[in-house]
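> Here you go, one structure.
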Amino acid sequence: MAPRPKLPPRARKNALRQLLLLIECPYKPMWEGYAEHGPLFRVKLLGQPEWTIAGDPELVRLLFKMSADEAHGDSNALRAFLGPETILFKNGEDHRRARRVLTPPFKHQRLGVYAGTMIEKMDRRLEALRPGERVTVQSLVVDVSLATIMECIFGVVDEARSRRLTRLFSEWMHTVQHPAFLFASMALGGEPVRVAVRALA
């Protein structure tokens, strides 16, 4: 009987403390684990299966070279943010089929078109600003980026519809970035939290 492979060391903090660290700063459990154990270690967060964190560049490169048949993507917590049908949760032939559909808009030749559209939309937004008006640069950039995605990736050219979709997406992102939402989705599971939010909407 072959011996069981030796597992990487596990971070010492308990599952609740690790989750609170993650919510405080997404990188904190990774930094602490790296300082304690090096580039390969395990972390247990409340409500989640045990994670193995790989920080070695060669190992990361190996993981990214694996096919959809060898490595399966799934994260129950992310289902609250992205829904159950996102490509991140597809494996095998389902994943390859989705990649074939999604790849063409991201070809190198298209990026110049997207950049031109984004510059044009940003110019229009800046020209519409009034003297003395205060703006949050992050919000401005996010809105222009979303409007560009709506037009270039999803083909939404109607300004009113684009503004509505951008507003809804921004509101959703504001909701899911709240620490309480993140804690609930990690501890309870993404799908139940998503169902609850939709029921309350």
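The values are calculated or read from the model by the stated rules, or taken from the named source; none is laboratory data. Keep in mind that this is a model prediction, so the values were computed, not measured. When we count neighbours, we look across all protein chains shown, and the Cβ atoms used for this are built from the backbone with ideal geometry, even at glycine. Ligands, DNA and RNA are excluded from the accessible area calculation, which covers all protein heavy atoms including side chains. Shrake-Rupley method; radii C 1.70, N 1.55, O 1.52, S 1.80 Å.
> Helix-derived [θ] at 222 nm for the chain: sum -39500 (n - 2.57) over DSSP H runs of at least 4, divide by residue count, nearest 500?
-18500 deg cm²/dmol
> Relative to the first principal axis of the alpha-carbon coordinates of the chain, what is the inclination of helix 179-188, with its axis defined by its Cα atoms, in degrees from 0 to 90 and to the nearest 10?
40
> Also, I was wondering about something else. Karplus couplings for region 158-168 from phi (6.51 cos²θ - 1.76 cosθ + 1.60, θ = phi - 60°), rounded to Hz, Gly and Pro as x?
Residue by residue, region 158-168 yields 5, 4, 5, 5, 4, 4, 5, 5, 5, 5, 4 Hz.
> Applying the Karplus parametrisation 6.51 cos²θ - 1.76 cosθ + 1.60 with θ = phi - 60° to the phi angles of region 190-198, what ³J(HN,Hα) value in whole Hz is obtained for each residue in order, glycine and proline being reported as x?
x, 5, x, 5, 4, 4, 5, 5, 5
> Once you list every other residue whose beta carbon is under 14 Å from the beta carbon of Ala11, what net charge do they have if Lys and Arg are +1 and Asp and Glu are -1?
Once all neighbours under 14 Å are counted, the net charge is +4.
> Under 14 Å from the Cβ of Glu171, count the other residues' Cβ atoms, weight Lys and Arg +1, Asp and Glu -1, and hand me the total.
+3
> So what's the angle, to the nearest 10 degrees on a 0 to 90 scale, between helix 15-24 and the longest Cα principal axis of the chain?
For helix 15-24, the angle is close to 30 degrees.
> May I ask you to derive the relative contact order of region 75-170, considering only C-alpha pairs under 8 Å and at least 6 residues apart, and to give it as an integer percent?
21
> Quick one: Cα centre-to-centre distance for region 1-34 and region 93-119, in angstrom?
35
> Turning to a different aspect of this structure: Under 5 Å between amide hydrogens, which residues at least 5 positions from Arg10 or on another chain qualify, with H placed 1.01 Å from N in the peptide plane?
Sorted by chain and number, the residues that satisfy this are Arg42.
> What does the accessible area per residue of the chain come to in Å², with a 1.4 Å probe and no ligands, DNA or RNA counted?
About 71 Å² of surface per residue is accessible.
> Translational diffusion coefficient of region 1-101 at 37 °C, 0.692 mPa s, Stokes-Einstein with Kirkwood Rh over Cα pairs, in µm²/s as a whole number.
Stokes-Einstein gives a translational diffusion coefficient of 211 µm²/s.
> If you don't mind, another one. Given the Cα atoms of region 79-187, and with Rh set as the inverse mean 1/r over their pairs in the Kirkwood sense, what is Rg to Rh to two decimals?
1.03
> For the chain, count the residues as N, evaluate 2.2 N^0.38 Å, and divide the Cα radius of gyration by that value, please.
1.27
> Hey, any idea what % of region 1-96's accessible area is carbon plus sulfur with a 1.4 Å probe?
Ligands and nucleic acids excluded, carbon and sulfur give 60 percent.
> All other residues with a Cβ under 14 Å from the Cβ of Leu129 taken together, and with Lys, Arg as +1 and Asp, Glu as -1, what is their net charge?
Residues close to Leu129 contribute a combined charge of +1.
> Can you tell me which lysines have their Cα less than 20 Å from the Cα of Lys6? Leave out same-chain residues fewer than eight positions away.
Correct list for Lys6: Lys44.
> Sticking with this one: Would you kindly derive the ³J(HN,Hα) couplings of region 88-103 from the backbone phi angles with the Karplus curve 6.51 cos²θ - 1.76 cosθ + 1.60 (θ = phi - 60°), listing them in order in whole Hz, with x for Gly and Pro?
4, 9, 8, 9, x, 5, 4, 5, 5, 5, 5, 4, 5, 6, 8, 5
> Computing the accessible area with a 1.4 Å probe over protein heavy atoms, can you report the carbon and sulfur percentage for region 136-191?
So the carbon and sulfur contribution to the accessible surface is 64 percent.
> Within region 112-201, which trypsin sites (Lys or Arg not before Pro) sit in a loop by DSSP and count at most 14 neighbouring Cβ atoms inside 10 Å?
Here the sparse-neighbourhood loop sites are Arg134.
> Right, next: Over all alpha-carbon pairs in region 130-190, figure out the percentage whose distance exceeds 19 Å.
48
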